[in-house]
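Remarks on the structure that follows.
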Amino acid sequence: MSARDAIEIDPPYDFPGYKSTALRAPKQPLIRVAPHPLEIAGPAFSRSFAKESEADLTTWGKSAPLGEKMILVGRVLDEDGKPVRNSLLELWQCNASGRYAHPVDQHNAPLDPNFLGQGKVLTGDNGEYRFVTIKPGAYPWRNHPWAWRPAHIHLSLFGNAYAQRIITQMFFPADPLLPIDPIFNSVPDPEARQRMVCKLDLEQGIEEEALGYRFDIVLRGAKSTPTGV
Amino acid sequence: MGNRTPSQTIGPFFHVGLKWEDGEKVQFAGTGERVVLTGCVYDGGGTAIADALVETWQADPSGKVPGAGAAVRAYGYSRAMTGSDGRYTIETLMPGACTGAGGEKYAPQINVTIFARGLLKAVRTRVFLAAADATRDDPLARAAGARAGTLIASQDAKDRSVWRWDVRLQGKDETAFIDF
Ligand SMILES: [Fe+2]
């Protein structure tokens, strides 16, 4: 368990249900150290690093991508509830058929010429963000027989300090694949797992056009390092 | 406290979504000694990891935290993706030594975060761009003890601007990873 949490929140490195951890999980204990001055500071991205067009994944192609259009809104907060402002949030996902626009993805599902699946924003003054996209499909993987990943969106966050840097995945409510997904279930605490599931929020959608979902993200807070920095 | 969003793996399909133009070239407001940090990332079976994302963050040549500036991308930060041979390469400036709030003396180093398929959460550490005897008083070198050697980059004998540092996620000579 990491020193800063009363209960373990992140998954362990070694999780036999997810086969790729077998040779990649470090076996030696992590060395606990006070944060370096750089680790309590963070890189400063200019607002222009994320183009406005990168918040709308449905306008990348010549016409609209296939799939269920959705608006994803949320706030990035720290553990003390403070908004994480002006912070880089990147997102990537497969298309509505469950195929990534990525050379390594060999899933026999169609690519969508109008969907790349890449987005970027900087959070606003209240830590808020908004993306327009389509709901990604489920896709098979070779981890075990009949393995399918539940629909998910990959999210990468910088926070305001290097110590807050995290990559996670967002899932959808009531997905029947969630109970059998080793990656989702690698998070030991069932309540923490639910914090990776977005909520339907119809009014954030667009009437007769797009469904709305809300997903708030909580990063490490100011009091969360062993030395309280 | 305790309500954080958990970490999940980056998976194998991040290369398009997380691509930064010239991500492996670190930008700074000023100039300094140009250096290259390069090496390979290996798994516990000694196989090169072709789908790791290596990010670095470092002090500027004077030892200060790089602040906001005119650059579109953040100063002092890089993002590199390993190739089929597991190799990453970062072009940067030599970080200055710096002093912590409690007077700790930090040797010239680069803070490193690595994400990969099979890593449900990032591994983090710091690599020293200094000879071993120049790291002796560094807080991490002390804490790592016998494992500190896994964090010292080696300066190329011919091209002194090149520093080599391999990462072993597991097994013999496993890199010392940190929690801070
Ligand atoms: Fe995925």
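The values are calculated or read from the model by the stated rules, or taken from the named source; none is laboratory data. Model, not experiment: these values are computed from the prediction. Cβ: placed from backbone, ideal geometry, glycine included. Neighbour counts: every protein chain shown. Protein only, heavy atoms only, side chains kept; ligands, DNA and RNA dropped before computing areas. Shrake-Rupley method; radii C 1.70, N 1.55, O 1.52, S 1.80 Å.
Quick one: compute the contact order of chain A, relative version, from alpha carbon pairs under 8 angstrom and 6+ residues apart, as a percent.
26
Please check which bits of the stretch A:46-85 a label hung off A:Leu202 would reach, taking the label as a point 7 Å along Cα-to-C-beta and the cut-off as backbone N under 18 Å.
Label zone hits: A:69-73.
How big, in percent, is the set of alpha carbon pairs in chain B lying more than 21 Å apart? Provide the component values of the computation, followed by the final result.
Numbers: 8046 of 16110 pairs.
For chain B, the fraction of Cα-Cα distances above 21 Å is 50 percent.
Where Rh denotes the Kirkwood radius from the mean inverse Cα pair distance, what is Rg over Rh for the stretch A:1-80?
Ratio of gyration radius to Kirkwood radius: 1.09.
Quick one: which residues, 5+ away or cross-chain, put their amide H under 5 Å from the amide H of A:Ser46? H built at 1.01 Å from N.
Close amide H contacts, sequence-distant or interchain: B:Ala74.
Could you tell me which of B:Thr38, B:Ala141, B:Pro6 has its Cα farthest along the dipole of the stretch B:6-167 towards the positive end, charges placed at Cβ (Lys, Arg +1; Asp, Glu -1), taken about the Cα centre?
Going by the Cα projections, it comes out as B:Pro6.
What distance in nm lies between label points placed 7 Å from Cα along the C-beta direction at A:Leu66 and B:Asp156?
4.8
Can you check what the net charge comes to around A:Pro43, using other residues whose Cβ is under 11 Å from the Cβ of A:Pro43 (Lys, Arg +1; Asp, Glu -1)?
Surrounding charge for A:Pro43 is +2.
What's the buried accessible area, both sides, between B and A using a 1.4 Å probe, rounded to 100 Å²?
By this definition, chains B and A bury close to 6800 Å².
Restricting to Cα pairs below 8 Å that are 6+ residues apart, what does the relative contact order work out to for chain B? Please round to a whole percent. Don't jump to the answer; show the numbers that get you there.
On the way: 398 pairs, mean separation 46.2, N = 180.
In percent, rounded to a whole number, it is 26.
Counting only protein heavy atoms, what percent of the accessible surface of the protein assembly as shown is carbon or sulfur at a 1.4 Å probe? Provide the component values of the computation, followed by the final result.
Values: 9040 of 16990 Å².
The nonpolar share, carbon plus sulfur, comes to 53 percent.
Once you average over the residues of A:13-25, how many Cβ atoms of partner chains fall within 10 Å of each Cβ?
6
Please give the average number of partner chain Cβ atoms lying within 10 Å of the Cβ of each residue in A:45-52, rounded to a whole number. Display every interim value, and only then the final one.
Numbers: counts 7, 7, 1, 2, 5, 1, 0, 0.
Rounded to a whole number, the mean comes out at 3.
Give the Rg (one decimal place) followed by the Dmax (whole number) of the protein assembly as shown, computed from C-alpha coordinates and expressed in Å.
Calculated on Cα positions, Rg and Dmax stand at 20.7, 67 Å.
Cα atoms only, chain A: Rg and Dmax in Å?
In Å, with Rg to one decimal and Dmax whole: 18.2, 54.
Return, ordered by residue number, the residues of the stretch B:64-90 whose backbone nitrogen is under 19 Å from a label point located 7 Å along Cα→Cβ of B:Phe28.
Residues B:64-80, B:89-90 fall inside that zone.
³J(HN,Hα) across the stretch A:44-51 via Karplus (A = 6.51, B = -1.76, C = 1.60, θ = phi - 60°), whole Hz, x for Gly/Pro?
Whole-Hz 3J(HN,Hα) from phi for the stretch A:44-51: 9, 8, 6, 4, 6, 5, 9, 6.
In the stretch A:1-60, what trypsin sites (Lys or Arg not before Pro) fall in a loop by DSSP, with at most 13 other Cβ atoms inside 10 Å?
Here the trypsin sites (Lys or Arg not before Pro) that fit, given the DSSP loop and packing criteria, are A:Lys27, A:Lys51.
Using each residue's phi in the stretch B:142-156, evaluate 6.51 cos²θ - 1.76 cosθ + 1.60 at θ = phi - 60° and report the 3J(HN,Hα) Karplus result to the nearest Hz, with x for Gly and Pro.
Using θ = phi - 60°, the values come out as 5, 5, 7, x, 5, 8, 4, x, 6, 10, 9, 6, 9, 7, 4 Hz.
Report, by chain and number, residues whose modeled amide H sits under 5 Å from the one on A:Tyr139, excluding near sequence neighbours (fewer than 5 apart, same chain).
Residues meeting the amide H criterion: A:Arg149.
Cross-link partners among lysines for A:Lys27, C-alpha distance below 24 Å, same-chain residues fewer than 8 apart left out?
By straight Cα distance, A:Lys27 reaches A:Lys19, B:Lys121, B:Lys172.
Mind listing which chymotrypsin sites (Phe, Trp or Tyr not before Pro) in the stretch A:123-221 are in a DSSP loop and have 12 or fewer other Cβ atoms within 10 Å? Before the final figure, lay out each step's value.
Details: sites: A:Tyr129, A:Phe131, A:Trp141, A:Trp146, A:Trp148, A:Phe158, A:Tyr162, A:Phe171, A:Phe184, A:Tyr213, A:Phe215; in loops: A:Trp141, A:Trp146, A:Phe158, A:Phe215.
Those that pass, being in a loop and sparsely packed, are A:Trp146.
Other chains near B:12-25: what is the mean number of their Cβ atoms within 10 Å of each residue's Cβ?
5
Grab the other residues whose beta carbon is less than 15 angstrom from that of A:Gly212, score K and R as +1, D and E as -1, and report the net.
-3
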